[in-house]
Each structure stands twice: as C-alpha cells, then as structure tokens.
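A short write-up of the structure that comes next.
The values are calculated or read from the model by the stated rules, or taken from the named source; none is laboratory data. Treat the numbers as computed from the prediction; the structure is a model and nothing was measured. With ideal geometry, Cβ positions are generated from the backbone for all residues, glycine too; neighbour counts draw on all protein chains shown. The accessibility values were calculated without ligands, DNA or RNA, using every heavy atom of the protein model including side chains. Shrake-Rupley method; radii C 1.70, N 1.55, O 1.52, S 1.80 Å.
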Amino acid sequence: SPEAFSRHRTGVQGEGLKGVAASGIKGVTSVRVPLVIGKSKTEPPVRTFKVKLYFVSDHDTPESADVFSVSLQGKELLTDFDVRKEAGAKERMIVKEFRGVVGRRELLVTFASKQGKASLCGLEIVAE
C-alpha cells in the first residue's frame, strides 16, 4: 500500500521547488486530477496542458532499486524510469515536463512498477 514520506527541504538538492520534492508518496499506482469544477450539462472543450512531475532520489535507495514507467492519459511517457540513476546522487530532485497533454474532464497519471515501488513528490498542471 502507498506510504507517505517527508524530509526537510534543505536536504533536497537540484533546481526547482525543493519544498515539493521534500515529501511525496511511495507505492503510488495512479493519480486522477479533475480539470473542471462541478458538473456541467455541456461537455467541456478539449484543452492542452503542460504537466510537470516531481521526483526525488531517496537517501537510502540504491540505483535500480525502484524502476517504473509513467503514463499520462494512457500514453507511456517514461519507460523504465530509475529516479536514483537519473539523479546521479542521493536526495536530488528530478522534474520531468511534458507539453501538449490533452485533457477534457480529468488528467490521469498511472505508474507501473518494474522493480520496487513507484514514487511521486508533486504534480503541476498548467493550461497551454
């Protein structure tokens, strides 16, 4: 089952929102984010979004311990993603940005673990 984790933001290395990367969830399988508020009788328009996913390499996880794939709206965009390997150091944040993500009512992010557990620190969605 998913587990929350946190650390002090001053211990996080890298560029970006360190406060976001200082906490997260390990063992995540999916995240659904509504793109509209409330119910409408008319179908909302299809829009495109810039999506940023925030990750951090754990202080006690060796390279290749947690390897997973990430899909947005059913399209796999990260395959065999190893946060620790890509970060190159412990406690380093990684931000992955994807443009042109299409959505209408909700954004669905799914994680498929190949080895270990998938983790996520933050999700930023901005209309393009």
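Inter-part distance, segment 1-72 to segment 73-128, computed on C-alpha centroids, equals 7 Å. Database remark: amide H of Leu35 closer than 5 angstrom to the amide H of Glu106, Leu107 (H placed geometrically; neighbours at sequence offset of 5 or more, or on other chains; Pro and chain starts carry no H). Return the subset of Lys41/Lys96; Lys52/Lys117; Lys18/Lys39 for which the Cα-Cα distance in this structure is over 31 Å, preserving the input order. Long pairs (Cα-Cα over 31 Å): Lys41/Lys96; Lys18/Lys39.
Each Cα pair under 8 Å and six or more residues apart adds its separation to the average, and for the chain the resulting relative contact order is 38 percent.
Name the GluC sites (Glu not before Pro) in segment 1-102 that are in a loop by DSSP and that have at most 15 other C-beta atoms within 10 Å, would you? Spell out each step's value before the answer.
Numbers: sites: Glu3, Glu15, Glu63, Glu76, Glu86, Glu91, Glu97; in loops: Glu15, Glu63, Glu91.
Those satisfying the criteria are Glu15, Glu63.
Quick one: which of 116-126, 36-46 comes out on top by average Cβ neighbours within 10 Å, and what's the full order, highest first?
Details: 116-126: 18.2, 36-46: 7.6.
For the peptides 116-126, 36-46, the packing ranking is 116-126, 36-46.
Excluding same-chain neighbours fewer than eight residues apart, the aspartates and glutamates reachable from Lys90 by a Cα-Cα span under 13 Å are Asp58, Asp60, Glu63, Asp82. Across segment 42-54, rounded Karplus estimates of 3J(HN,Hα) from the backbone phi angles (6.51 cos²θ - 1.76 cosθ + 1.60, θ = phi - 60°) give 9, 6, x, x, 6, 10, 10, 9, 9, 10, 10, 10, 10 Hz, Gly and Pro being marked x. Shown are Ser71, Ser30, whose ranking by accessible area with a 1.4 Å probe and every protein chain present, most to least, is Ser30, Ser71.
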